[in-house]
Amino acid sequence: MEYRTGLGYDIHRLEDGLTLTLGGVRIPHTKGCVAHSDGDVLIHALCDAMLGALALGDIGQHFPDTSDEFKGIDSKILLSRVSGMIAAKGYHLVNADIMLLLQKPKIAPYVPRMRETLAGVLGVGIDRISVKATTNEGLGPIGHEEGAAAYATVMLAG
Ligand code: MG
(Lines give C-alpha, C1' and ligand atoms only; values in the text may rest on other atoms or scores of the structure.)
Protein backbone atom coordinates (compact mmCIF):
# COMPACT_ATOMS: atom_id res chain seq x y z
CA MET A 1 0.00 0.00 0.00
CA GLU A 2 1.31 3.42 -0.96
CA TYR A 3 0.02 6.67 0.55
CA ARG A 4 -0.03 10.01 -1.26
CA THR A 5 -1.02 13.46 0.01
CA GLY A 6 -2.27 16.41 -2.00
CA LEU A 7 -2.97 20.11 -1.47
CA GLY A 8 -5.55 22.27 -3.23
CA TYR A 9 -6.51 25.94 -3.14
CA ASP A 10 -9.09 28.02 -4.98
CA ILE A 11 -10.56 31.50 -4.81
CA HIS A 12 -13.46 33.14 -6.62
CA ARG A 13 -14.80 36.66 -6.66
CA LEU A 14 -18.23 37.22 -5.10
CA GLU A 15 -20.83 39.38 -6.80
CA ASP A 16 -24.39 40.43 -5.98
CA GLY A 17 -27.27 38.45 -7.43
CA LEU A 18 -25.37 35.25 -8.27
CA THR A 19 -26.11 31.86 -6.72
CA LEU A 20 -23.79 30.58 -4.02
CA THR A 21 -22.98 26.86 -4.16
CA LEU A 22 -20.40 25.47 -1.76
CA GLY A 23 -19.57 21.84 -1.17
CA GLY A 24 -22.34 20.96 -3.61
CA VAL A 25 -24.94 22.70 -1.45
CA ARG A 26 -26.94 25.73 -2.56
CA ILE A 27 -26.68 28.43 0.12
CA PRO A 28 -29.22 31.26 0.30
CA HIS A 29 -27.26 34.53 0.14
CA THR A 30 -27.24 37.88 -1.63
CA LYS A 31 -23.93 37.12 -3.38
CA GLY A 32 -22.49 34.24 -5.37
CA CYS A 33 -19.22 33.24 -7.00
CA VAL A 34 -18.21 34.59 -10.40
CA ALA A 35 -17.03 31.60 -12.42
CA HIS A 36 -17.15 29.67 -15.67
CA SER A 37 -18.55 26.68 -13.73
CA ASP A 38 -20.96 26.95 -10.78
CA GLY A 39 -18.04 28.51 -8.84
CA ASP A 40 -17.92 25.95 -6.06
CA VAL A 41 -14.51 26.90 -4.60
CA LEU A 42 -14.72 24.17 -1.99
CA ILE A 43 -15.08 21.40 -4.57
CA HIS A 44 -12.46 22.98 -6.82
CA ALA A 45 -9.89 22.98 -4.00
CA LEU A 46 -10.78 19.35 -3.24
CA CYS A 47 -10.39 18.33 -6.90
CA ASP A 48 -6.97 20.00 -7.05
CA ALA A 49 -5.84 18.23 -3.88
CA MET A 50 -6.90 14.85 -5.28
CA LEU A 51 -5.22 15.51 -8.63
CA GLY A 52 -2.11 16.83 -6.87
CA ALA A 53 -1.75 13.70 -4.74
CA LEU A 54 -1.14 11.68 -7.90
CA ALA A 55 0.68 14.46 -9.80
CA LEU A 56 -2.13 14.53 -12.37
CA GLY A 57 -1.95 18.26 -13.00
CA ASP A 58 -4.66 20.70 -11.97
CA ILE A 59 -8.36 21.31 -12.43
CA GLY A 60 -7.81 24.05 -15.04
CA GLN A 61 -5.88 21.61 -17.19
CA HIS A 62 -8.57 18.92 -17.07
CA PHE A 63 -11.62 21.19 -17.21
CA PRO A 64 -10.55 24.36 -19.07
CA ASP A 65 -12.65 27.47 -18.41
CA THR A 66 -12.48 28.22 -22.13
CA SER A 67 -14.51 25.10 -22.94
CA ASP A 68 -18.28 25.31 -23.48
CA GLU A 69 -18.55 21.80 -22.05
CA PHE A 70 -17.84 23.20 -18.58
CA LYS A 71 -19.86 26.41 -18.78
CA GLY A 72 -22.11 26.60 -15.70
CA ILE A 73 -21.31 22.96 -14.91
CA ASP A 74 -22.26 21.46 -11.56
CA SER A 75 -18.87 21.02 -9.83
CA LYS A 76 -20.08 17.69 -8.38
CA ILE A 77 -19.66 16.35 -11.92
CA LEU A 78 -16.04 17.55 -11.96
CA LEU A 79 -15.45 15.91 -8.58
CA SER A 80 -16.97 12.69 -9.80
CA ARG A 81 -14.65 12.72 -12.83
CA VAL A 82 -11.59 13.39 -10.66
CA SER A 83 -12.68 10.53 -8.40
CA GLY A 84 -12.79 8.33 -11.52
CA MET A 85 -9.25 9.37 -12.48
CA ILE A 86 -7.99 8.43 -9.00
CA ALA A 87 -9.75 5.06 -9.18
CA ALA A 88 -8.30 4.45 -12.66
CA LYS A 89 -4.83 4.83 -11.11
CA GLY A 90 -5.72 2.24 -8.46
CA TYR A 91 -6.11 4.72 -5.59
CA HIS A 92 -8.92 5.57 -3.20
CA LEU A 93 -9.53 8.50 -0.87
CA VAL A 94 -8.54 7.88 2.74
CA ASN A 95 -9.66 11.30 3.96
CA ALA A 96 -10.08 14.92 2.98
CA ASP A 97 -9.84 18.01 5.16
CA ILE A 98 -11.29 21.16 3.62
CA MET A 99 -11.12 24.70 4.96
CA LEU A 100 -13.47 27.35 3.62
CA LEU A 101 -12.70 31.06 4.03
CA LEU A 102 -15.85 33.15 3.77
CA GLN A 103 -16.93 36.22 5.69
CA LYS A 104 -20.71 35.76 5.25
CA PRO A 105 -23.05 33.96 5.65
CA LYS A 106 -22.40 31.61 8.55
CA ILE A 107 -21.65 28.21 7.06
CA ALA A 108 -21.97 25.95 10.10
CA PRO A 109 -25.65 25.04 9.43
CA TYR A 110 -24.73 23.74 5.96
CA VAL A 111 -21.63 21.75 6.89
CA PRO A 112 -23.40 18.42 7.59
CA ARG A 113 -25.10 18.52 4.16
CA MET A 114 -21.83 19.45 2.45
CA ARG A 115 -20.03 16.51 4.04
CA GLU A 116 -22.87 14.18 3.14
CA THR A 117 -22.94 15.47 -0.45
CA LEU A 118 -19.17 15.19 -0.98
CA ALA A 119 -19.01 11.75 0.66
CA GLY A 120 -21.88 10.65 -1.61
CA VAL A 121 -20.13 11.79 -4.79
CA LEU A 122 -16.86 10.19 -3.70
CA GLY A 123 -18.49 6.98 -2.46
CA VAL A 124 -16.85 7.13 0.97
CA GLY A 125 -18.10 7.36 4.55
CA ILE A 126 -18.98 10.80 5.85
CA ASP A 127 -16.38 10.35 8.62
CA ARG A 128 -13.67 10.63 5.95
CA ILE A 129 -14.72 14.10 4.82
CA SER A 130 -14.03 17.10 7.03
CA VAL A 131 -15.39 20.54 6.14
CA LYS A 132 -14.43 23.51 8.28
CA ALA A 133 -15.15 27.18 7.78
CA THR A 134 -13.76 30.43 9.09
CA THR A 135 -14.40 34.10 8.47
CA ASN A 136 -11.41 36.29 7.65
CA GLU A 137 -12.12 38.54 10.66
CA GLY A 138 -13.10 41.34 8.29
CA LEU A 139 -9.57 41.53 6.90
CA GLY A 140 -8.59 41.79 3.25
CA PRO A 141 -10.71 40.92 0.18
CA ILE A 142 -12.29 37.87 1.81
CA GLY A 143 -13.07 39.84 4.96
CA HIS A 144 -14.65 42.54 2.79
CA GLU A 145 -16.92 39.92 1.17
CA GLU A 146 -15.25 40.34 -2.21
CA GLY A 147 -14.35 36.68 -2.49
CA ALA A 148 -14.55 33.14 -1.16
CA ALA A 149 -11.57 30.79 -0.92
CA ALA A 150 -10.88 27.22 0.14
CA TYR A 151 -7.93 25.00 0.98
CA ALA A 152 -8.06 21.21 0.87
CA THR A 153 -5.70 18.43 1.79
CA VAL A 154 -6.27 14.79 1.02
CA MET A 155 -4.67 11.44 1.63
CA LEU A 156 -5.02 8.75 -0.99
CA ALA A 157 -4.05 5.11 -0.71
CA GLY A 158 -3.50 2.59 -3.46
MG1 MG B 1 -12.45 27.53 -9.24
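The values are calculated or read from the model by the stated rules, or taken from the named source; none is laboratory data. This is a predicted model, so every value here is computed, not measured. With ideal geometry, Cβ positions are generated from the backbone for all residues, glycine too; neighbour counts draw on all protein chains shown. For accessibility, only protein heavy atoms count, side chains too; no ligands or nucleic acids. Shrake-Rupley method; radii C 1.70, N 1.55, O 1.52, S 1.80 Å.
Take the stretch 94-134, drop everything but the C-alpha atoms, weight them equally and run the Debye formula without solvent; then report log10 I(q)/I(0) at 0.16, 0.24, 0.27, 0.28 Å⁻¹ to two decimals. Log10 I(q)/I(0), no solvent term: -0.38, -0.76, -0.90, -0.94. Counting Lys and Arg as +1 and Asp and Glu as -1 over every other residue whose Cβ lies under 15 Å from the Cβ of LYS132, the net charge comes to +2. Ordered from highest to lowest accessible area with the whole protein assembly present and a 1.4 Å probe, GLU137, GLU69 read as GLU137, GLU69. Applying both filters, DSSP loop and at most 16 other Cβ atoms within 10 Å, to the trypsin sites (Lys or Arg not before Pro) of the stretch 81-158 gives LYS89, LYS106. Sorting MET1, MET85 on solvent-accessible area from highest to lowest, probe radius 1.4 Å, gives MET1, MET85.
Over the heavy atoms of HIS92, what accessible area does a 1.4 Å probe trace out, to the nearest 10 Å²? Solvent-accessible area, nearest 10 Å²: 100 Å².
Each listed q (0.23, 0.26, 0.27 Å⁻¹) maps to a log10 I(q)/I(0) for the stretch 110-158 from the Debye sum over equal C-alpha point scatterers, namely -0.88, -0.98, -1.02. Each of TYR3, TYR91 has its accessible area taken with a 1.4 Å probe; listed largest first, they run TYR3, TYR91. Volume per residue of the convex hull around the Cα atoms, evaluated for the chain, comes out as 99 Å³.
Only helical DSSP H runs with n ≥ 4 go in: add -39500 (n - 2.57) per run for the chain, normalise by residue count and round the 222 nm mean residue ellipticity to 500 deg cm²/dmol. The per-residue figure over the chain is -8500 deg cm²/dmol. Can you work out the accessible area per residue across the chain, with the rest of the protein chains kept in place, probe 1.4 Å, in square angstrom? Accessible area per residue, the chain: 49 Å².
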